[in-house]
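Input: a single structure, listed below in structure tokens.
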Amino acid sequence: MAKLIVADDHPLFRNALINAISSTFATKATIETDSFDSTCTALEQHPDTDLLLLDLHMPGNCGFLGLIQLRKNFPSLPIVVISASEELDVIRRVMAFGASAYVPKSANPSDISAALNAVMDGELWVPAALKKQVLDHHNAEAEDDLDLAAKVAQLTHQQYKVLYYLTEGWLNKQIAYDLHISEATVKAHITAIFRKLGVTNRTQVVIQAQRLTLEPPVNKAMAQH
């Protein structure tokens, strides 16, 4: 029996996912979170967590950046990404950045159960139809992404938060207010981010970070009309 954290900002989907899991997979406890920060807090409060089910689009998660931070901070924790995206490139990158499984939100309960059981057995899991394309794929762009991911993994938790706000276009004083720190401390964090990512200005930081972020689903929907 496993202890799970289900991290998704949509209560209806969390409930549906938990119900689907409970019908096919033995759990001893299930904890719900709705943001990157609350997920980190839950993981610190529950070090005996067996699996994290993570939505890439939660507030504060910033796509792959959040996954990379979680992988660094909790290296032994298996992470199962649950996402609405079924794009091959997204799945490849999720697995390259350290997830143990990728489960589309369209998956049926038996697939979810198969994924969780595989991960609990120490295996990797992606939908069977995509397994060869995902796990056997290597190219120069993927190597560049892994190099950038390694740089992002050097950031402290507070520096990651500052990076997230930079990608959102926040000013230093806004970041300072939200994080309850001084503007001087924000500037110090930004300087450290520059150094660790090998850039010299905010624009370059955002360009680098955007390589590891996902386009919000709402934007995709609007772009199609």
Here, the range 36-103 modelled as identical Cα point scatterers in vacuum has Debye log10 I(q)/I(0) at q = 0.13, 0.26, 0.29 Å⁻¹ of -0.31, -1.26, -1.55
For L12 and L88, extending 7 Å from Cα along the Cα-Cβ vector and measuring point to point gives, in nm, a value of 3.3
Measuring from its Cα centre, the chain shows a charge dipole (+1 at each Lys and Arg Cβ, -1 at each Asp and Glu Cβ) which, in debye to the nearest 20, is 480
Counting only protein heavy atoms with a 1.4 Å probe and every protein chain in place, the carbon and sulfur fraction of the accessible surface of the chain in whole percent equals 53
Across the chain, qualifying lysine pairs (alpha carbons under 24 Å, at least 8 places apart or different chains) come out at 20
By accessible area (1.4 Å), largest first, Y165, Y160, Y177 order as Y177, Y165, Y160
Full extension between L124 and A29 adds, at 0.36 nm per residue less the Cα distance, a length in nm of 31.9 nm
Phi-derived 3J(HN,Hα) across the range 21-27 with the Karplus relation (6.51, -1.76, 1.60, θ = phi - 60°), rounded Hz, x for Gly and Pro, is 5, 5, 7, 9, 9, 7, 10
GNM on the chain, Cα springs under 10 Å; top mean-square fluctuation among F97, F64, F74 goes to F74
Between N117 and K173, Cβ-based FRET efficiency (R0 45 Å, step 0.05) works out to 0.35
With the 1.4 Å probe rolled over protein heavy atoms, the chain has an accessible area per residue in Å² of 49
Taking placed amide H atoms and a strict 5 Å upper bound, the residues 5 or more places from T30 or on another chain that come that close are L4
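The values are calculated or read from the model by the stated rules, or taken from the named source; none is laboratory data. Just so you know, these numbers come straight off a predicted model, no measurement behind them. Positions of Cβ are backbone-derived with ideal geometry, glycine not excepted, and every protein chain shown enters the neighbour counts. With ligands, DNA and RNA removed, areas are computed over all heavy atoms of the protein, side chains included. Shrake-Rupley method; radii C 1.70, N 1.55, O 1.52, S 1.80 Å.
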